[in-house]
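The structure under discussion appears below in the form of structure tokens.
Bear in mind these aren't lab numbers, they're just calculated from the coordinates by the rules spelled out. Here the structure is a predicted model, which is why all the values come from computation and not from measurement. We place every Cβ from the backbone using ideal geometry, glycine too, and count neighbours over all the protein chains shown.
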Amino acid sequence: MWPGRLPPTREQLLARVTNIDGLLCMLTDEIDAALLDHAPLLTVISNYAVGYDNVDVAAATARGIRVGNTPDVLTDATADLTFALLLAIARKLPQEFVAVREGRWLPWEPGHNLGADVHGQTLGLLGFGRIGQAVAKRASGFDMRVLHSDSRSDQTAINELLATSDFVSLHTPLTPQTHHLIDAAALARMKPSAFLINTARGGIVDQVALAEALHNRTIAGAALDVTDPEPLAAADSLLKAPNVIVVPHIGSATTRTRERMADLAVDNLIAGLDGKQLPHQVCLPGSSPPTLR
């Protein structure tokens, strides 16, 4: 068990994997080929997350090491947060909360504290897996028009979604193909009145380009649960941009969800150590699971 509140350093992790048979890791732990070479006894990696971009699955598979994740159980919690961020950025809730706390609550004015409509607007979902579909279900209650695409769609479809949507929400995994999918060019295609929401992975967005787009009013605002890196430095230019919300990767942060994630992660670990099939095993497209050893 790692006792610290902060993740182990690379050196600490390398030192501790030498004689282990199973590893239950967090998304903050980089499990790459070099680390796997330090763990000759390792048979199973259980990642306490649904995403597994922190694990080199191909390198693990080549070494006969199975990789598990925790899918399904965090879908609704993350979709809830996505919609909470969408509403908060549209209606400027953080700014107005601070104004009240600072004594800047003025009498009612017709043209003051104006936000953006959500009801009846167009929501574009980049990525339409479990979480994207759950967000679409919530959007239906607001009579939103929902468009969706994924990272494998042709660029023309993605460009049309960016240009048409009033809110763009990211739900695609982080892969080499989706790294900085939202760059300066993508942001320029969005409406000046549009908002970006990201509850997927920070690396999908070019944060330097996003900060510039917010400062230049290229888009109206952004709400992020994920950044690159995490945690984001207090001096990061993104935190100085106008109309941005950043929360500390809390998409799955409900008691019930995190408990269920822990159950799945432990189930994967124990199955692997017992030489059984993992209940939730990660397999790369076109590949077979590693042979049990």
For this session: Report the calculated FRET efficiency for E102 and L6 (r = Cβ-Cβ distance, R0 = 41 Å), to the nearest 0.05.
Result: 0.80
Exercise. Under a GNM of the chain (C-alpha, springs under 10 Å), which listed residue has the highest mean-square fluctuation: T257, T156, T218?
Worked result: T156
Exercise. In a GNM of the chain with a 10 Å cut-off on Cα contacts, which of R256, R201, R138 has the highest mean-square fluctuation?
Worked result: R256
For this session: With a/c under 1.5 counting as rounded, go ahead and sort the chain into rounded, prolate or oblate using the C-alpha gyration tensor (a ≥ b ≥ c being the square roots of the eigenvalues; past the cut-off, prolate if a/b is larger than b/c, else oblate).
Result: prolate
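Which whole-number percent is the relative contact order of the chain (Cα, under 8 Å, 6+ apart)?
It comes to 20 percent, rounded to a whole number.
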Problem set entry | Most mobile of A235, A157, A213 in a GNM of the chain (Cα contacts under 10 Å) | A235
For this session: Hey, can you grab everything whose amide H is under 5 Å from the amide H of N47? Only 5+ residues off in sequence or another chain; H modelled, so Pro and N-termini drop out.
Result: C25, G68, N69
Exercise. How many angstrom separate the Cα center of region 32-74 from the Cα center of region 244-279?
Worked result: 14
Exercise. For the chain, which DSSP H helices look membrane-span-like by this rule: Cα extent along the axis of 24 Å or more and mean Kyte-Doolittle of at least -0.5?
Worked result: 255-273
Problem set entry | Cβ-Cβ FRET estimate between L93 and S151, R0 fixed at 45 Å, reported to 0.05 | 0.90
For this session: For A194, enumerate residues with amide H under 5 Å from its amide H, sequence gap 5+ or separate chain, H modeled in the peptide plane.
Result: A220
Exercise. Quick one: net charge of T255's neighbours, Cβ under 14 Å, K/R +1, D/E -1?
Worked result: -1
Seminar exercise, completed: If each K or R counts +1 and each D or E counts -1, the residues other than L74 whose Cβ falls under 13 Å of its Cβ total -2
Problem set entry | Efficiency of FRET from Cβ geometry, I250 and A58, R₀ 30 Å, rounded to 0.05 | 0.50
Seminar exercise, completed: The long-range amide H neighbours of V146, using H built 1.01 Å from N in the peptide plane and a cut-off of under 5 Å, are L123
Seminar exercise, completed: Residue-ordered couplings for region 59-64, obtained by feeding phi - 60° into the Karplus form 6.51 cos²θ - 1.76 cosθ + 1.60 and rounding to whole Hz (Gly and Pro as x), are 5, 5, 4, 5, 9, x
For this session: Compare the peptides 4-16, 88-100 by average per-residue count of other Cβ atoms within 10 angstrom and give them in order, highest first.
Result: 88-100, 4-16
